[in-house]
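Structure record follows, encoded as structure tokens.
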Amino acid sequence: MTGQTETTVGALPTATNGNSRVPVALTRLVWLLWLASVGVLAGQLRGGEPWGLADLVIVDGLTAVMWVAATFFSGVVHSYSRRYMAGGRAVDRFFGRVFGFTLLVMTLVAADHLALFGAAWLAMGLVMADLIGHVEGWPQARAAGSLARRNFLASSGALAAALGTLWWHTGATTVSGLASTVGNASPAVLFLAAGALLLAAAIQSALVPFHTWLLSSMTAPTPASALMHAGFVNAGGVLLVRFAPVVTAEGAVMLGLVALGAASAILGKLLKTVRTDVKGKLGCSTVGQMGFMLMQAGLGFFGAAITHLVLHGCYKAYRFLGSGEGIERESPTKRTARGSTGAAGVAVIAGTALAGGVLFGTLTGKGMGADGGLLLTLLVVLTVMHAARELVADGSLPSAVRYGAVPAVALPAIAVYAAVYGLIEGLLAGLPAVGQPTALTPVHGLVAAAFVLAYLGVETEAYRHSRRLYVALLNATQPPTATQLTSTEEYDEY
């Protein structure tokens with residue numbers, strides 16, 4: 001219920017700030033930062049060399065991509081917020097925090113010194129926690145902000161432990177310096193440091209079981225939620241890419257990353273099926289998508305993880321900013337099952353999914369050998385199959401559209417994804433340990449089987465036949481009681 005409450009609260013015209021120039025000035029400034037970031041990206045695409053400043057920052061392909069993505073999402077949020085937040089009592093404070101958050105993200109992705117990276121990570125979390133609890137006088141917002149703050153402090157603590165351990169045992173003070181010195185540390189030290197990095201990424205990216213802070217964060221104004229789901233939770237992927245030499249040093253850590261990411265991806269999908277509110281569904285979707293992102297990193301495809309980060313950010317920002325249009329008021333009725341696909345529909349779905357997998361493998365070169373690329377390609381096939389099933393089973397559409405539009409939309413979309421993937425992979429080519437896919441193990445086979453079973457369970461809605469499972473999933477989507485409005489009278493009060 002908090003998702004619907006937040007929209008009302010965020011737009012309350014409790015005071016007049018129409019004469020303030022802060023929103024306009026910061027909106028223009030963030031779009032100027034985006035233009036500058038596009039220029040930096042163009043330089044990297046032309047083969048420009050990475051450059052830095054006194055071992056504090058480094059501007060390379062990853063920096064350029066993330067600067068463009070972060071400033072673009074922030075620019076959209078700033079522009080949207082000028083009307084959405086108009087009349088709020090703390091509109092200047094809101095814009096200041098959003099702009100400050102943008103600068104912190106830009107600092108984080110460019111940080112080379114370990115201390116600067118850790119400080120930016122901590123500050124970014126604290127500012128986001130303030131945005132979650134932005135609405136004054138709302139106890140549930142304060143509780144949600146406090147819960148998020150505790151999680152972010154725990155994530156920062158895990159990161160500090162990893163950075164301190166690496167510095168103590170390798171002597172390196174920069175992220176770039178770890179690539180040549182990480183071999184000085186013992187396997188036990190690398191395992192502990194990589195485990196702490198994985199923990200920091202899992203908390204920040206709201207993987208199960210750390211997802212409750214994200215589901216309770218709907219108290220934030222909608223633009224802040226869009227920025228959070230489009231940018232903040234993706235920080236786990238950036239962390240793993242920057243510290244790829246540490247994470248990839250131990251095969252057990254990479255397997256653990258695959259298993260943790262797969263569990264969150266599957267559970268996120270299942271949790272989404274039992275939520276009825278728009279923003280709750282989007283939150284559960286983010287949990288699953290972040291699992292996919294970290295699993296791709298665990299397979300050794302860090303370029304795929306960053307590509308997923310960017311494309312998911314575009315999609316989720318759009319969905320959150322347009323979530324108000326997704327609210328429906330209707331009386332409870334008997335649930336109507338999806339239409340039957342028939343033999344022709346099954347053929348279209350299966351053919352499109354297989355063609356999508358072949359196209360992805362051909363364009364990216366993944367899945368052509370006995371390595372983690374096979375699992376990555378399987379995920380592409382299952383994703384296309386699920387999307388095709390949704391469209392083909394929609395009985396409200398004419399047969400020609402249902403059967404003809406599926407391959408006409410899915411295959412070009414795969415081609416676009418592969419093109420973006422190739423572009424980003426090329427920009428990351430200079431980073432150490434980011435282009436080495438992992439070898440297949442029995443764990444990968446179990447993960448593949450789990451995804452197939454989860455797909456069949458969701459498509460056949462088998463989970464609905466178990467009341468115990470349904471209730472367990474529903475309970476897992478509930479944020480702490482202190483962060484929820486439980487009485488309808490409270491909506492008017494806040």
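Some notes on this structure:
- Residue ID - nearest to residue 292 (Cα to Cα), chosen from residues in the range 352-373 that are in a helix (DSSP H, G or I) and free of Cβ contacts under 8 Å to residues at least 24 places away in the same chain: 361
- Options 298, 288; residue that is touching a Leu at 6+ places or on another chain (Cβ under 7 Å) and among the small types (Gly, Ala, Ser): 298
- Filtered residue count, the range 20-35, keeping only those that are part of a helix (DSSP H, G or I) and open to solvent by less than 60 Å² (accessible area, probe 1.4 Å): 8
- Scanning the range 107-124 for residues that are in contact (Cβ under 8 Å) with a residue 40 or more places away in the chain and out of contact with any helix residue (DSSP H, G or I) (no Cβ under 6 Å at 6 or more places or on another chain) turns up 112, 113, 115, 116, 117.
- Cβ separations smaller than 9 Å between residues 6+ apart or across chains give no pair from the range 78-90 residues that are hydrophobic (A, V, I, L, M, F, W, C) and in a loop (DSSP other than H, G, I, E, B) to residues that are at pLDDT 90 or above and open to solvent by 30 Å² or more (accessible area, probe 1.4 Å).
- Some residue of the range 60-73 being open to solvent by 50 Å² or more (accessible area, probe 1.4 Å) and either assigned to a helix (DSSP H, G or I) or modelled with pLDDT under 80 (or both): yes
- Selection within the range 74-89: residues that are open to solvent by 20 Å² or more (accessible area, probe 1.4 Å) and not basic (Lys, Arg). The member of this set that is nearest to residue 424 (Cα to Cα) is 76.
- Selection from the range 131-153 of residues that are assigned to a helix (DSSP H, G or I) and in contact with a helix residue (DSSP H, G or I) (Cβ under 6 Å, 6 or more places away or on another chain): 131, 132, 140, 141, 143, 144, 145, 147, 148, 149, 151, 152
- Residues of the range 155-176 that are open to solvent by 20 Å² or more (accessible area, probe 1.4 Å), outside any helix (DSSP H, G or I) and either β-branched (Val, Ile, Thr) or free of Cβ contacts under 8 Å to residues at least 40 places away in the same chain (or both): 171, 173.
- Inclusion of residue 239 among residues that are out of contact with any Pro (no Cβ under 9 Å at 6 or more places or on another chain) and closer than 30 Å to residue 173 by Cβ is warranted.
- Among residues that are aromatic (Phe, Trp, Tyr) and closer than 13 Å to residue 227 by Cα, residue 117 is not included.
- For the residues 143, 111, the requirement of being open to solvent by less than 50 Å² (accessible area, probe 1.4 Å), over 19 Å from the mean Cα position of the chain (by Cα), small (Gly, Ala, Ser) and modelled with pLDDT under 90 singles out 143.
Residue-wise test of (1) at pLDDT below 85; (2) not charged (D, E, K, R).
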residue: 314; (1), (2): no, yes
residue: 318; (1), (2): yes, yes
residue: 343; (1), (2): yes, yes
residue: 352; (1), (2): yes, yes
residue: 371; (1), (2): yes, no
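The values are calculated or read from the model by the stated rules, or taken from the named source; none is laboratory data. Small disclaimer: the values here were computed from a predicted structure and weren't measured. Counting neighbours? That spans all protein chains shown, and the Cβs are built from the backbone with ideal geometry, glycine included. Side chains are part of the model used for accessible areas, which takes the heavy atoms of the whole protein and leaves out ligands, DNA and RNA. Shrake-Rupley method; radii C 1.70, N 1.55, O 1.52, S 1.80 Å.
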